[in-house]
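The values are calculated or read from the model by the stated rules, or taken from the named source; none is laboratory data. Computed from a predicted model, the values in this text were never measured in an experiment. Methodologically, a virtual Cβ is constructed for each residue, glycine included, from the backbone with ideal geometry; neighbour enumeration extends over all protein chains shown.
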Amino acid sequence: MSEFVDWDIHRHSRHHFPVLYFAFGSNLNHEQMASRWPAATPLATAVLDNFRLVFSGHSRRWGGGVATVLPFTGAEVPGVLYTVSEEGLLELDRFEGAPTKYVRRSVRVRAPSGAAFDAWTYVRPVEPTEFVPPSPAYLNVLRDAYARLGFDPARLVAALASASDPV
């Protein structure tokens with residue numbers, strides 16, 4: 001994909017790019033990510049295995065539920081792997097409301113090549129007890145990103161359908 005840097009992730013050490021960050025929610029939107037940390041560099045799409053996407057909590061900014069992930073055997077959550085500096089990660093903490101709204105968590109993601117990488121991501125601090133539908137604006141950001149990145153939109157439909165299932 002042309003929006004990713006021409007970078008062979010296998011030839012560079014973590015010392016060159018100090019932190020990997022996995023985005024799966026509204027930070028899939030490049031403009032939003034650039035406003036939060038302009039030096040963030042999208043490297044590649046990636047998948048978080050054995051988790052599912054759900055909407056929970058309530059965002060005043062978005063006017064509805066926001067994305068988080070929950071462990072779920074056999075499920076996958078697509079996203080984008082970014083490089084950010086330690087300073088950038090601290091700035092993302094601020095934007096994500098860490099540690100009260102979201103907490104930073106280390107996860108292992110899988111690149112299209114099959115290689116696995118440790119990255120930071122943000123999840124809700126407590127397991128949600130109820131589904132909170134996202135606002136149309138938030139959902140449109142995710143739909144646009146899924147379309148642009150070639151992700152299966154059925155994953156979003158499944159997350160929305162979780163409204164009828166206990167979380």
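For the range 24-73, residues that are of a type in the set (Phe, Trp, Tyr), over 11 Å from the mean Cα position of the chain (by Cα), more than 17 Å from residue 88 (Cβ to Cβ) and crowded, with 20+ Cβ neighbours inside 10 Å total 2.
Can you pull out the residues in the range 72-93 that are without any contact (Cβ under 8 Å) to a residue 60 or more places away in the chain, closer than 17 Å to residue 124 by Cβ and part of a helix (DSSP H, G or I)? 93, the sole residue that qualifies. Of the residues screened, residue 111 is one that is touching a residue at least 24 places away in the same chain (Cβ under 8 Å), under 28 Å from residue 39 (Cα atoms) and more than 12 Å from the chain's Cα centre (by Cα).
Within the range 33-65, can you find the residues that are among the charged types (D, E, K, R) and part of a helix (DSSP H, G or I)? Residue satisfying the conditions is 36 alone.
Checking each residue in the range 107-160 for being at pLDDT 90 or above and β-branched (Val, Ile, Thr) picks out 107, 109, 121, 123, 141, 157.
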